[in-house]
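J.: Submitted below is the structure of interest, expressed as structure tokens.
The values are calculated or read from the model by the stated rules, or taken from the named source; none is laboratory data. Remember, predicted model here, so these are calculated numbers, not experimental data. No Cβ is skipped: glycine too gets one built from the backbone with ideal geometry, and neighbour counts run over all protein chains shown. Surface accessibility is based on the protein's heavy atoms, side chains included, excluding ligands, DNA and RNA. Shrake-Rupley method; radii C 1.70, N 1.55, O 1.52, S 1.80 Å.
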Amino acid sequence: MPVPPAGAAPMRPDGQQMHVAVAVRFRKVMIKPIKRYGAYRGGGTLRLERSGLGVTGKHVRSLAIRWVIGLGLFAVCLALTSGRLVPGFIPLYFLLEYGLLEEGNRHIPWTNVTRFASQPSKQRVAIEISSSEKNENPLVFSCDQSQEVLQALRTFAPGREVS
């Protein structure tokens, strides 16, 4: 397989060139029109192809699983220390919200992108998708190439930008 020139979008295994591929930093922030915090955390990759969005990164577990893990850790600490050590809410929160993440690598067709918004001053983009899994939605990220990402979103998902 030929190697693309420096600065060009990488090649897919089937030989078709991607439209946009960027390294992103997923954030737990809210961009006003979407009014939900981002579900993914930390570094990742976003590929905007003709067939849809390719997302590589880690997202929070479902709310029920986070509660079970948190209560389980609380009970184990109490049992192992005979009630002398009680873990606080804040350390458990940070552990469950940022430490115990699950892989969220997936492909999202353009038809599942319901809307997107941006915060140009902070180079942030939020993409809301139609998904039954609340712990995977929305995608909120920042990257240096936010303008290229927005242009690709406007091309592949026209009329879905909100402000």
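J.: Between helix 146-156 and the chain, what is the angle of the helix's C-alpha long axis to the longest principal axis, kept within 0 to 90° and rounded to the nearest 10?
T.: Orientation of helix 146-156: about 70 degrees from the principal axis.
J.: Please work out the Cα center distance from the stretch 63-111 to the stretch 113-163, rounded to the nearest Å.
T.: Result: 28 Å between the Cα centres.
J.: In whole percent, how big is the carbon plus sulfur part of the accessible area of the chain, probe 1.4 Å, protein atoms only?
T.: 58 percent
J.: In degrees from 0 to 90, rounded to the nearest 10, what is the angle of the helix 63-80 Cα long axis to the longest principal axis of the chain?
T.: The answer is roughly 30 degrees.
J.: Further, regarding this structure: So, for the chain, what is the accessible surface per residue at a probe of 1.4 Å, expressed in square angstrom?
T.: 57 Å²
J.: Could you check which residue among ILE90, ILE129, ILE31 shows the biggest mean-square fluctuation in a GNM of the chain with a 10 Å Cα cutoff?
T.: Maximum among the listed residues: ILE90.
J.: Taking a quarter of the surface of the Cα convex hull of the stretch 103-150, what do you get in nm²?
T.: 3.8 nm²
J.: In the stretch 55-163, what percentage of the DSSP-assigned beta bridges are antiparallel, given to the nearest 5?
T.: Close to 95 percent.
J.: Dipole of the stretch 16-145, Cα-centred, from +1 at each Lys and Arg C-beta and -1 at each Asp and Glu C-beta, to the nearest 20 debye?
T.: The calculation lands at about 340 debye.
J.: 5 Å is the cut-off here: which amide hydrogens, built 1.01 Å from N in the peptide plane, fall below it relative to ALA21, excluding neighbours closer than 5 in sequence?
T.: Close amide H contacts, sequence-distant or interchain: LEU48.
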